[in-house]
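**Q** The structure is given below, and queries will be raised subsequently.
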Amino acid sequence: DEEFDELCFEFGLELDEITSEKDIISKEKGEEKAKGASDTVLYKIDVPANRYDLLCLEGLVRGLQVFKERISLPKYEKIIPAQGEGQKLIITGETVQVRPHAVAAVLRNITFTKDRYDSFIDLQEKLHQNICRRRALVAIGTHDLDTISGPFTYTAKAPSEIKFKPLNQSQEYTASQMMDLYRTDSHLRHYLHLIENKPLYPVIYDSNGVVLSMPPIINGDHSKISVNTRNVFIECTGTDITKAKIVLDIIVTMFSEYCEKPFTVEAAEVVYPNGKTHIYPELAYRTEKVKPELINKKIGISETPSSLAKLLTRMCLKSHVTGNGNSLEVEIPPTRADVIHACDIVEDAAIAYGYNNIQMTTPKTYTIANQLPINKLTELLRLDLAAAGFTEALTFALCSQEDIADKLGMDISATNAVRIANPKTAEFQVARTTLLPGLLKTIAANRKMPLPLKLFEISDIVVKDPSTDVGARNYRHFCAVYYNKSPGFEIIHGLLDRVMQLLEVPPNEENGYTIKAAEGSAFFPGRCAEIFAKGQSIGKLGVLHPDVITKFELTMPCSALEINIEPFV
């Protein structure tokens, strides 16, 4: 186990835990439920999200063996059948509205065992969850070719016109009935929304009108594969052609090793609505040129070009030195869709070299980090405000338009608020322009707590500012509220005096702070004051208006203070 853990780490993976079905069930549901579960040891391995070629046992073992230099990387080949003998997938124009793209391939004379078959199904599921974005971008269908006959047609029809027996069901349903059937299915209900509201549903037929599948929901029962299947027809439909090609490449490269001629795939022809044709899978190999100096410099090592080529070859990127040793030619196989840029090649070289083998050096640049002055001031104030008996709250930076406008008796246009273009919920429509609503909502959620409630928050607010490059500006505000049976204006005023005392701002007009009577839409008339310091207005304090209190679903009087602390930095 230790050796395997070490090997995973060297290969850039993480052996998450060593467990068994029994352990997992007993952890989640208790020992009773775990009785009779299997004791077989299971390795849970964390695979980076970009390495689709390691998502099944076949790919992982192949990758590790190439890494250990036990085997050399296989060359994946596509076999183009003689004219008129290959499989054809014809795409009709109706699919454009729903899922316009489709690719296909055939695995000939494949030999499944129970484990291989399970792995084959499992890989499809894993791909569906990540690169296929829960089947939204791509949906995979695998069929027993001996039960169907080509050419196949990928089209879209009205739900009432589609009728077939879905996988593992005993009778035929129309597409509309299927939607109702699977609405309660724990697994399939998550995919219904992808086509539910479309006028036409995508569907694939063979030449006899047998339904292969209704992507992205379910395959037909007629063409289902089993352990005894010898020829597998694979189709991937989707809204993103690049992802569909990658998914098809991964599936055929992973499982072509079980074909009679290992690592060969039979190509299929896809005919587009405009009459053009294309052969899939692409299984495209490409070469990239990389300078050895670049790799050495980026990683911080000094290896010879030939040893770098060897490192990359161990990572399934077949490489050799070209020119007079000043360049590496790297072959990117179809399994490595994640290699997009030279940096990806450098990363693989670093993994093969071993992160732990890179010498630690002192950085060439000498810098001393410091806290931002505004954050330092915020930290100091927070401690003293807590010491003054107030409790700190942290509230959301986004809120609804009502919170900062209607509920405080203001018009939304006067708030100068930054809006979210496509808010997911009504609660998060704008960035807050004041901290007060957040604290009032916090009090509303804690009305059961013993009185008085004394809360404060020091956080950023956001307002529009056309003079900045992003069109908005943040200000660090301090807000405090006191909620009790009596308004407690004197307590909030006392807190202001304490804050000014801490900031060493004297209570006078010349170089200190003053408060002057003012009116504010959120405050009770005659119970509101504006605070001036450093020659500018920095905020307001006062007793909140009864309307504001009822709009926030509160029942007691409340006084509040909100100032901008940036002038004191």
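The values are calculated or read from the model by the stated rules, or taken from the named source; none is laboratory data. Every value quoted in this text rests on a predicted model; they were computed, and no experiment measured them. Virtual Cβ from ideal backbone geometry, glycine too; neighbours counted across all protein chains shown. The accessibility values were calculated without ligands, DNA or RNA, using every heavy atom of the protein model including side chains. Shrake-Rupley method; radii C 1.70, N 1.55, O 1.52, S 1.80 Å.
**Q** For a quick check of your reading of the filter: which trypsin sites (Lys or Arg not before Pro) in the stretch 252-319 sit in a DSSP loop and have no more than 14 other Cβ atoms within 10 Å?
**A** Answer in residue order: K276.
**Q** For the stretch 416-569, what is the accessible area per residue in Å², given a 1.4 Å probe and the full set of protein chains?
**A** 50
**Q** Label N197 and F396 with points 7 Å out from Cα along Cα→Cβ: what is the distance between them in nm?
**A** Computed distance between label sites N197 and F396 equals 2.2 nm.
**Q** Right, here's the next one. Say the dipole of the stretch 64-166 comes from +1 at the beta carbon of Lys and Arg and -1 at that of Asp and Glu; which of H128, T153, V106 then lies farthest toward its positive end?
**A** H128
**Q** Kindly flag which residue pairs out of K245/K310; K289/K310; K485/K540; K289/K318; K516/K540 have an alpha-carbon separation exceeding 19 Å in this structure.
**A** Among K245/K310; K289/K310; K485/K540; K289/K318; K516/K540, the Cα-Cα distance tops 19 Å for K245/K310; K485/K540.
**Q** Once a ≥ b ≥ c are taken as the square roots of the eigenvalues of the Cα gyration tensor of the stretch 315-360, is the result rounded (a/c under 1.5), prolate (a/b larger than b/c) or oblate (a/b not larger than b/c)?
**A** Taking the square roots of the gyration eigenvalues as a ≥ b ≥ c, the stretch 315-360 is oblate.
**Q** Enumerate the calculated ³J(HN,Hα) couplings along the stretch 442-447 in order (Karplus 6.51 cos²θ - 1.76 cosθ + 1.60, θ = phi - 60°), each rounded to whole Hz, writing x wherever the residue is Gly or Pro.
**A** Each residue's phi maps through the Karplus curve to give 5, 5, 4, 7, 10, 5 Hz.
**Q** Straight-line reach from K33: which lysines fall under 25 Å, measuring Cα to Cα and dropping same-chain residues less than 8 apart?
**A** Answer for K33, where 25 Å is the Cα cut-off: K22, K44, listed by chain and number.
**Q** Report, to the nearest 10°, how far helix 114-129 tilts away from the longest principal axis of the Cα atoms in the chain, using its own Cα long axis and a range of 0 to 90°.
**A** 40
**Q** Then there's this: Label-point separation (nm) for N484 and D469, each offset 7 Å from Cα along Cα-to-Cβ?
**A** 4.9
**Q** Treating only the Cβ of Lys, Arg, Asp and Glu as charged (+1, +1, -1, -1), what charge dipole size does the chain show about its Cα centre? Round to the nearest 20 debye.
**A** Using only the charged Cβ atoms, the result is roughly 840 debye.
**Q** Hey, if you put +1 on the Cβ of every Lys and Arg and -1 on every Asp and Glu Cβ in the chain, which of I218, S26, S467 ends up farthest toward the positive end of that dipole?
**A** Selected residue: S467.
**Q** Which is the longest stretch in the chain that no exposed loop site breaks, taking sites as GluC sites (Glu not before Pro) with a DSSP loop state and at most 16 other Cβ atoms within 10 Å?
**A** 304-426
**Q** Work out, step by step, the length gained on full extension between S306 and D118: first 0.36 nm times the residue separation, then minus their alpha carbon distance; give nm to one decimal.
**A** This chain segment gains 63.6 nm when fully extended.
**Q** I would also like to ask the following. Taking the 0 to 90 degree range and rounding to the nearest ten, how far is the long axis of helix 241-255 tilted relative to the main principal axis of the chain, both from C-alpha atoms?
**A** With both axes taken from Cα atoms, the answer is about 50 degrees.
**Q** Any idea what angle helix 489-502 forms with the longest principal axis of the chain, computed on alpha-carbon atoms, 0 to 90 degrees, nearest 10?
**A** 80
**Q** Quote to one decimal, in nm, the extra length available between Q65 and H320 on full extension: 0.36 nm per residue of separation minus the C-alpha distance between them.
**A** So the chain would gain 89.8 nm between Q65 and H320.
**Q** With +1 on each Lys and Arg Cβ and -1 on each Asp and Glu Cβ, how big is the dipole of the stretch 373-568 about its Cα centre, in debye rounded to the nearest 20?
**A** Using Cβ point charges on Lys, Arg, Asp and Glu, the stretch 373-568 gives about 480 debye.
**Q** Quick check: the distance between the Cα centres of the stretch 340-391 and the stretch 497-569, to the nearest angstrom?
**A** Spelled out, the Cα-based centre of one part sits 37 Å from the other.
**Q** Please work out the Cα center distance from the stretch 146-214 to the stretch 449-485, rounded to the nearest Å.
**A** Centre-to-centre distance over Cα atoms comes out at 54 Å.
**Q** With both partners inside the chain, how many of the DSSP beta bridges are antiparallel, as a percent to the nearest 5?
**A** Approximately 90 percent, going by the DSSP bridge assignments.
**Q** Considering the values (i) 95, 67, 59; (ii) 88, 47, 46; (iii) 96, 61, 50, which represents Cα extents along the principal axes in Å as calculated for the structure under consideration?
**A** Answer by label: (i).
**Q** To continue, here is another question. Could you look at the chain and say what percent of its accessible area is carbon and sulfur, using a 1.4 Å probe and all protein chains?
**A** Carbon and sulfur atoms account for 51 percent of the accessible area of the chain.
**Q** Could you give the size of the charge dipole of the stretch 1-46 about its Cα centre, using +1 on the Cβ of each K and R and -1 on the Cβ of each D and E, expressed in debye and rounded to the nearest 20?
**A** 520
**Q** If R0 is 22 Å, what FRET efficiency do you get for K126 and E14 from their C-beta distance, rounded to 0.05?
**A** Approximately 0.85, to the nearest 0.05.
**Q** Over the stretch 286-357, average the accessible area per residue using a 1.4 Å probe and give it in Å², no decimals.
**A** Here the per-residue accessible area is 48 Å².
**Q** While we're looking at this one, here's another question. Along Cα→Cβ, 7 Å out, is where each label goes; now give me the distance between the ones at N422 and A82 in nm to one decimal.
**A** Rounded to a tenth, the inter-label distance reads 5.3 nm.
**Q** Suppose the chain between I24 and Y355 were pulled fully straight at 0.36 nm per residue; how much longer would it get relative to their current alpha carbon spacing?
**A** Between I24 and Y355, full extension yields an extra 116.0 nm.
**Q** Taking only protein heavy atoms into account and a 1.4 Å probe, give the accessible area per residue of the stretch 151-250 in Å².
**A** I get 42 Å² per residue for this part.
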